[in-house]
Structures are given as C-alpha cells and as structure tokens.
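Presented below is the structure to which this report refers.
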Amino acid sequence: MELIDLSFPIKDHWRWGYKQTLKNTLENGDDFRSSVMTLPAHAFTHVDTLLHCKPGGAPALDELPVDTYSGSASIIDLSFVDAGHKITATDLEEHAKDIKAGDIILLKTCWDKKRDVQSKEYWSDAPFVSEEAANWLLAKSPKAVGFDFPQDEILRQAATYKGCLPMSASTTHYALLLKGVFLIEYLAGLDQIKQDRITFMALPLKLVGVEGCPVRAVAIKSI
C-alpha cells in the first residue's frame, strides 16, 4: 500500500494567519521542545461540515462518523482548465467517469501547479464552479466533493473582500454543503493521481462543537 499526500503544508500565510510559537525549547534548557499553534478551522487543506452554514442542530466534527470524508472516490480530470475558467456541467459530463452514488467526487484541475498557494493570484486567477455544475454534482448523490482550487467565484476576491463572504454567492456551499454534501477544500498534488478511481482519506481532528478542520488528505494506492 502506498499513501499519496494530497495536502498543502501548513506554514505562515497572508490569508489564513497561521502562527506557531515555541513554549519550551531544548536550546533554553527545557527537557522537551513544545510548540503552540494558532490555526483557523477553514485554512489550508480542510473539511467543512453542515454546521458551517446551517444553524439549528447540524452535527459538529465530533458527532460525525470517522469515515465522513473517506472512502471510494471518483476523480474528474479538469486539468485542461486555465485561469478564470468557469467550470460548467458540460465540462463535468464530458470528463466524468464511473461515478457511483455515495462516492467522494474530486475535481482535479492541478491548480496548485499553475499558481502558488502563497500568492494572491492563486485566488484572483482561479477557475471556479458554476451554479449548473454544482447542481450537476448534487444530482450524482455524492457524500462529499473535493476541490484542488478555490471553487466559488467569490473566492477570487479573497485578497480584497472585506468581511465574511456571503452564502448566496458561495456557489458550492449553497448548492452542495447546505444540501448535506460535505466539502473538502484546497487539495493539492492531484497531478500524482492518474487513475479515475481511488480510495481517499481525510481525517479531521475530533473537535467538539467545531464546524471544520484542516486535514492530512491522502490517496491510497494498492501495490
């Protein structure tokens, strides 16, 4: 069995404000090195729960089954897309292969190879999912959908938008997450995957009452 890493490294970033400090160090004579990290729930490669956008009893991470974001995955190869491409239902229909109800669907644009996630252009130049494409995905009855690019058009304004992004303009959150399809955001390294179906795993921490969490996402390749 081979594990293929599909996650971004977590380090200082202009958008997400990750901070790491050392509480104890070996150099200062402490017996152990000990770090303290401050990290937003929706930063880097991460997952969203329904609690992210729906009040009134939606389950938090600690209440979800451990395999919520893991299982059989179908990859739609959209690596042909370039900057600003509006992904349509036709794009998905023409490149989708062997999708089964209950799958995790992964959209593979290889965007992390076209723009650096540390740059603001990763957002401003990004392709995005149209409303019709989001509805096409919903109709396939997946349990989750993963993206290796900022999938909502409004995220192209991430560097300049002030305040919280509105739900009505957050296409996949509105059309998928609000309907109970979990989201896996900011995957990386999907260029390493050549097959149409894989076993996929993303395991968030068991955080009580929390609506999202960074993950180490991996593909499992049988050898």
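The values are calculated or read from the model by the stated rules, or taken from the named source; none is laboratory data. Everything numeric in this text was worked out from a predicted model, so none of it was measured. Note that we place each Cβ from the backbone using ideal geometry, even for glycine, and neighbour counts take in every protein chain shown. Ligands, DNA and RNA are excluded from the accessible area calculation, which covers all protein heavy atoms including side chains. Shrake-Rupley method; radii C 1.70, N 1.55, O 1.52, S 1.80 Å.
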Query raised in the report: For segment 47-103, which GluC sites (Glu not before Pro) are both in a DSSP coil and crowded by at most 12 other Cβ atoms within 10 Å?
Result: none
Requested in this report: Take every DSSP beta bridge whose two residues both sit in the chain, then give the antiparallel share in percent to the nearest 5.
Outcome: 60 percent
Requested in this report: May I ask you to evaluate 6.51 cos²θ - 1.76 cosθ + 1.60, the Karplus curve with θ = phi - 60°, for each residue of segment 44-52 and list the ³J(HN,Hα) values in order in whole Hz, giving x for glycine and proline?
Outcome: 6, 6, 8, 10, 10, 9, 4, 4, 4
**Report entry** Within the accessible area of the chain (1.4 Å probe), percent carbon and sulfur
**Finding:** 51 percent
**Report entry** the chain - Debye-derived log10 I(q)/I(0), Cα point model, q = 0.10 Å⁻¹
**Finding:** -0.45
Requested in this report: Quote to one decimal, in nm, the extra length available between E121 and S168 on full extension: 0.36 nm per residue of separation minus the C-alpha distance between them.
Outcome: 14.6 nm
Query - chymotrypsin sites (Phe, Trp or Tyr not before Pro) restricted to segment 11-69 and DSSP loop, no more than 13 other C-beta within 10 Å - result: W14, F32
Requested in this report: Report the residue, chosen from S35, S130, S72, that carries the largest GNM mean-square fluctuation when the chain is represented by alpha-carbon nodes joined by springs under 10 Å.
Outcome: S35
Query raised in the report: Restricting attention to segment 83-124, which trypsin sites (Lys or Arg not before Pro) occupy a DSSP loop and are surrounded by at most 14 other Cβ atoms within 10 Å?
Result: K97, K100, K120
Report summary line: With the charge dipole of segment 94-172 built from beta-carbon charges (+1 for Lys and Arg, -1 for Asp and Glu) about the Cα centre, the Cα from V129, Q118, A158 projecting farthest to the positive end belongs to Q118
Requested in this report: Express the relative contact order of the chain as a whole percentage, based on alpha carbon pairs under 8 Å and six or more residues apart in sequence.
Outcome: 32 percent
Requested in this report: Compute the accessible area per residue over the chain, keeping the other protein chains in place, probe 1.4 Å, unit Å².
Outcome: 49 Å²
Report summary line: Restricting to Cα pairs under 8 Å and 6 or more apart, the percent relative contact order of segment 113-223 works out to 24 percent
Requested in this report: Label segment 62-134 by shape, choosing from rounded, prolate and oblate, from the square roots a ≥ b ≥ c of the eigenvalues of the Cα gyration tensor; if a/c is under 1.5 it is rounded, and otherwise prolate applies when a/b is larger than b/c, oblate when it is not.
Outcome: oblate
Query raised in the report: Hey, can you rank 150-159, 19-28 by average C-beta count inside 10 Å, highest first?
Result: 150-159, 19-28
Query raised in the report: Going by the alpha-carbon gyration tensor, a ≥ b ≥ c the square roots of its eigenvalues, is segment 97-219 rounded (a/c under 1.5) or, if a/c is not under 1.5, prolate (a/b greater than b/c) versus oblate?
Result: rounded
